[in-house]
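The values are calculated or read from the model by the stated rules, or taken from the named source; none is laboratory data. Small disclaimer: the values here were computed from a predicted structure and weren't measured. Every residue, glycine as well, gets a Cβ built from its backbone with ideal geometry; the counts of neighbours run over all protein chains shown.
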Amino acid sequence: MNIQRFIRGCFALATGFILYSLPAQGDVNITNIPARPSPAWLRSSTIYEVFPRDFSKAGDLKGVTAQLDRLKDLGVTVLWLMPIHPIGEKGRKGEYGSPYSIRDYYAVDPNYGTLDDFKKLVAGAHQRGLKVIMDLVANHTAWDSVMMTNKAFYKHDAQGNIISPEPGWSDVAGLNYANPQLRQYMIAMMKYWVRTCDIDGYRCDVAWAVPKDFWEQARAALEKIKPDIMMLAEADTPDLLTNAFDLDYSWPLLHALNNVLEHGASAAELRKTWEQNRRVFPKDALHLRISDDHDEARAVARYGIEGALASSALMFTLDGVPLLYNGMEVGDATESGDPALFYKLPIFWQPKERPPLRDIYRDLIQLRKDYAAFRNHTVTWLDNSDDSRLVTFLRGNDKDQFLVVINLSNRPVDGTVDLKNAAGFSPVDIKGMNPFNAASLPNFHLDAFGWHIYHRPASAMAAK
C-alpha cells in the first residue's frame, strides 16, 4: 500500500465509524459473529517486516538470511517479506519502482536472487523457529505483467481500455475478480509458494479492495495444504475477520496515535478509539498493532526518539500482535514511504544518539512471550488524573496482572491512576530504561514520554 491508500483509509476511519456499526452482509450483525480462530502460534508472535532492498548492503535475499540469527536474538517470531517478485518497467515510478507493481507472481526478482535463495531463507528461518510470510499483491499487477496476455484478467473502462484500480496508481493495472479464471490463477499461485517454499502465510496487500469471497476461497484452498497457515489483511474491514483472515491492521489506533503525538489531540482519543473498535469488530478479533511501517515516515521522525519508544510501549502491551519494521529496533530514520519506496535507501544500522532501543524491544518482546496476560483479549482501561496526556490500563489473567502507565506528552507529569488496590505491584525491569519505584502507587512520576510497566502475581492479588 502507498501513502495515498493510507490517507484515504485514515479519512474513512476518522469519519466512518458510524458505517462500521451498521449490520454487515445484509441483516447480519458482525459483532455477534466470532472472529475465526487464529493459529495457536500467532497470538504470541511479534512480526518483523523486511524490505529486502533496504535491509542489507547487498539488498537481496542472502542479505536477509545472513541476519536471521540477529532477528531470532531480538525475539521476533514472524518475518514478513515485502514483495520479492520482479518489478514492472512500464510506467515505473522512481529508479527501482514499487515492489507492489509486480510483473510475474511466479518469479523472484533477479536483483534479490533466485528461487533457491528464497528457499534457503525460509528453511533457515524455520530452523531457528521463525515463521515466514510473503506479501501478496492480489489487487493489481504491473502494466508489463506476464498476465497481460489475458486481457480478461483486468478491469476495463467503458471504451475497453485496461485501467488502474485507483486514481494516482498509474504504475499498476487493476485485476478483475469477476473473472473465475483469474481467481483460479491467483489461488494456484498462492498454493505454489506454500508447496514450493513452505511459507507460513501471506500479508495481503489492499485486502479491502479484493472481494471477500475470493479470500475465503483462497483460505479454504491453502488450509488443505497447511492447516495452520496465517493470513494478515491490509484492511480494517470487520467481516474479513470472520472467515478469511486471522488479523488486520489497527489503522484507527495508529490514526489516533498520530493525532495525539503530531497534532496535540488528547491521549483519551486512544482509549475511545480502542473501545469503538471493540464495539464494531467480531468478538475476539485480532489486530496488528503498528506505529511504523513502509507506508509512513519513520516513527522516530514523526514522534521523536522518546515519542516513538512510548508508542511502541503502547503497541507491545495492548492486545493484538505487534509489528517491527526494517531497522526500527535501532531507531533508523531513513525515509521509507512514498516516494522513497521507489528508490534504494538502505537502513542505517548505527544511527547516533539513540537509547538502547534494541535491548528495550527485546525485553518487551520477551515480556509478551513470558506472560500469557499480554496475549489475551482483556484490556481494562483505568481513569487517571490527566487523560489528555496519560493512558493507563491493566492486562491480566488468573496468574498475573500488569499495570501500564504511559505519558504521551513532551512534559514530565506527576499523576494518579484510579486503582482500587495498588498493593503488591513491583516494577518490570526493562533493560535500557531507568529504574522506578512502585511503592508510591497509585501515584507516579513520569518523564516526558516516559512509561512504566508494573507486575503483580496472583498470589499478591489473592493476599489483598
task: From (1) in contact (Cβ under 8 Å) with a residue 40 or more places away in the chain; (2) surrounded by 16 or more Cβ atoms within 10 Å (Cβ to Cβ), pick out the condition that doesn't hold for residue 129.
output: (2)
query: What are the residues in region 421-463 that are more than 28 Å from the chain's Cα centre (by Cα) and hydroxyl-bearing (Ser, Thr, Tyr), if any?
result: 426, 440, 459
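Going by what's in this entry, would residue 384 be described as more than 22 Å from residue 45 (Cα to Cα) and free of Cβ contacts under 8 Å to residues at least 40 places away in the same chain? Lay out the reasoning, then the answer.
On the way: more than 22 Å from residue 45 (Cα to Cα): yes; free of Cβ contacts under 8 Å to residues at least 40 places away in the same chain: yes.
It is true that residue 384 is more than 22 Å from residue 45 (Cα to Cα) and free of Cβ contacts under 8 Å to residues at least 40 places away in the same chain.
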- request: Check residue 449 against each of (1) touching a residue at least 24 places away in the same chain (Cβ under 8 Å); (2) surrounded by fewer than 20 Cβ atoms within 10 Å (Cβ to Cβ); (3) outside any strand (DSSP E or B) and name the one condition it does not meet.
  value: (2)
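Can you find, within region 358-372, the residue that is surrounded by the fewest Cβ atoms within 10 Å (Cβ to Cβ) among those that are of a type in the set (A, V, I, L, M) and farther than 30 Å from residue 100 by Cα? Working first, answer last.
The first filter runs over region 358-372 and keeps only residues of a type in the set (A, V, I, L, M), leaving 360, 364-365, 367, 372.
Adding the requirement that they be farther than 30 Å from residue 100 by Cα leaves 360, 364, 367, 372.
Working: 360: 19, 364: 24, 367: 19, 372: 16.
In this case the residue turns out to be 372.
Yes/no matrix, rows are residues, columns are (1) under 17 Å from residue 80 (Cα atoms); (2) hydrophobic (A, V, I, L, M, F, W, C); (3) free of Cβ contacts under 8 Å to residues at least 60 places away in the same chain:
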site	(1), (2), (3)
248	yes, no, yes
259	no, no, yes
264	no, no, yes
283	no, no, no
292	yes, no, yes
308	no, yes, yes
314	no, yes, no
318	no, yes, no
332	no, no, yes
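What strands (runs of 3 or more DSSP E) completely inside region 137-230 contain at least 3 residues that are in contact (Cβ under 8 Å) with a residue 40 or more places away in the chain, on the phi < 0 side of the Ramachandran plot and of a type outside the set (Gly, Ala, Ser)?
Working: elements: 140-142, 172-174, 201-204.
Counting at least 3 such residues, we get 201-204.
So, residue 289, is that one over 18 Å from residue 136 (Cβ atoms) and either surrounded by fewer than 20 Cβ atoms within 10 Å (Cβ to Cβ) or more than 16 Å from the chain's Cα centre (by Cα) (or both) or not? Let's see the steps before the verdict.
On the way: over 18 Å from residue 136 (Cβ atoms): yes; either surrounded by fewer than 20 Cβ atoms within 10 Å (Cβ to Cβ) or more than 16 Å from the chain's Cα centre (by Cα) (or both): no.
No, not satisfied.
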query: Does residue 384 satisfy the condition of being in contact with a helix residue (DSSP H, G or I) (Cβ under 7 Å, 6 or more places away or on another chain) and assigned by TED's automatic domain parsing to the domain that holds residue 453?
result: no
task: Just give me the residues in region 321-336 being outside any loop (DSSP other than H, G, I, E, B) and surrounded by fewer than 22 Cβ atoms within 10 Å (Cβ to Cβ), in sequence order.
output: 330
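Residue-wise test of (1) more than 14 Å from residue 314 (Cα to Cα); (2) in a loop (DSSP other than H, G, I, E, B).
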{"residue": "348", "(1), (2)": "yes, yes"}
{"residue": "358", "(1), (2)": "yes, no"}
{"residue": "362", "(1), (2)": "yes, no"}
{"residue": "377", "(1), (2)": "yes, yes"}
{"residue": "386", "(1), (2)": "yes, yes"}
{"residue": "394", "(1), (2)": "no, no"}
{"residue": "414", "(1), (2)": "yes, no"}
field: Matching option when the condition is in contact with a strand residue (DSSP E or B) (Cβ under 6 Å, 6 or more places away or on another chain) and assigned by TED's automatic domain parsing to the domain that holds residue 271, among 351, 322, 339, 356
entry: 322
- line: Per the filter on region 356-380, residues charged (D, E, K, R) and over 20 Å from residue 308 (Cβ atoms) are 369, 370, 375
task: Name the one entry in 124, 160 that is within 19 Å of residue 202 (Cα to Cα), in the same structural domain as residue 49 (by TED's automatic domain parsing) and not basic (Lys, Arg).
output: 124
- line: residue 343 fails exactly one of (1) of a type in the set (Phe, Trp, Tyr); (2) over 30 Å from residue 93 (Cα atoms); (3) surrounded by fewer than 16 Cβ atoms within 10 Å (Cβ to Cβ), namely (2)
task: Identify the residue in region 273-282 that is more than 19 Å from the chain's Cα centre (by Cα) and surrounded by 14 or more Cβ atoms within 10 Å (Cβ to Cβ) and, among all such residues, is nearest to residue 384 (Cα to Cα).
output: 276
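So which of 389, 375, 302, 354 ends up being of a type in the set (Lys, Arg), closer than 26 Å to residue 56 by Cα and buried (at least 16 other Cβ atoms within 10 Å of the Cβ)?
Numbers: 389 fails: closer than 26 Å to residue 56 by Cα; 375 fails: closer than 26 Å to residue 56 by Cα; 354 fails: buried (at least 16 other Cβ atoms within 10 Å of the Cβ).
Testing whether each residue is of a type in the set (Lys, Arg), closer than 26 Å to residue 56 by Cα and buried (at least 16 other Cβ atoms within 10 Å of the Cβ) leaves just 302.
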